[in-house]
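None of the figures in this text is laboratory data; all of them are computed from the coordinates on show. Owing to the predicted nature of the structure, the values given are computational and were not obtained by experimental measurement. Quick reminder, even Gly has a Cβ in these numbers, built from the backbone with ideal geometry, and neighbours come from all protein chains shown.
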Amino acid sequence: MGKTLIKIAAVYFSIGVLVGMTMGIIHDFRYTSMHAHINLLGWVSTALFGIIYSIYPFAADTKLAKTHFWLHNIGLPVMVIGLFCESWGISAALPVMIVGSLAVVVGTLLFTVNLFKTLKASSIPNARSNFKA
Ligand code: HEM
Ligand code: HEM
């Protein structure tokens, strides 16, 4: 799961910088919020999830982690589509954005609970030994 999340994050990064570059070139800053969240939730947060699940693979082997994975990876594209439509002034897209972002938020709460349940200090001998090749 760690590697998959890191690859997904890289795709968001590419889309995020392309949107940023396009905004700069055409001087249309309506997409700033979409750009910011593609980069910060899509690239930065998703990469951090991937890195954390790679360092602690046993934390990725839980139902909570799998639910987080799907809520994040379904919720975020829905949220981004909602943000895109919002930048076009399509107010009907607001519920779409809300549903997408709620999925991301619930996923993030599950991620946090999962880490507290699985990362017990006494059960982590050495982070390096937890890496899967
Ligand atoms: C080549 C890459 C990038 C380009 C060309 C670019 C371009 C832009 C542009 C044109 C804006 C709008 C500025 C404005 O409204 O005045 C912006 C805003 C923003 N960018 Fe980027 N960006 C890039 C990469 C990134 C990355 C990697 C991140 C985060 C990891 C990021 C985060 C943000 C944020 C948070 C804002 C909103 C700032 C605010 O609210 O004032 N950008 N970017
Ligand atoms: C589901 C989670 C999130 C939701 C629902 C959310 C929602 C929002 C909203 C409603 C705004 C105001 C947008 C506007 O004024 O047009 C905003 C702005 C912003 N958020 Fe988030 N956010 C989320 C996660 C994050 C995360 C994780 C980060 C950073 C790691 C972040 C960084 C920012 C930044 C930098 C801005 C200002 C960018 C701009 O100028 O539009 N957000 N966010």
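Results, tabulated for the structure shown:
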| read-out | value |
| --- | --- |
| Scan of region 78-98 for residues that are surrounded by 14 or more Cβ atoms within 10 Å (Cβ to Cβ) and more than 16 Å from ligand 1 (Cβ to nearest atom), ordered by number | 78, 81, 82, 85, 93, 96, 97 |
| Qualifying residues in region 1-27 (those that are under 15 Å from the mean Cα position of the chain (by Cα) and surrounded by 18 or more Cβ atoms within 10 Å (Cβ to Cβ)) - the one farthest from ligand 1 (Cβ to nearest atom) | 2 |
| Residue count, region 62-74 (criterion: surrounded by fewer than 20 Cβ atoms within 10 Å (Cβ to Cβ), assigned to a helix (DSSP H, G or I) and either near ligand 1 (Cβ under 8 Å from one of its atoms) or not hydrophobic (A, V, I, L, M, F, W, C) (or both)) | 4 |
| Residue match in region 47-66 (condition: of a type in the set (Gly, Ala, Ser), under 9 Å from the mean Cα position of the chain (by Cα) and within 27 Å of residue 83 (Cα to Cα)) | yes |
| Residues being more than 16 Å from ligand 2 (Cβ to nearest atom) and surrounded by fewer than 21 Cβ atoms within 10 Å (Cβ to Cβ) - total across region 28-55 | 2 |
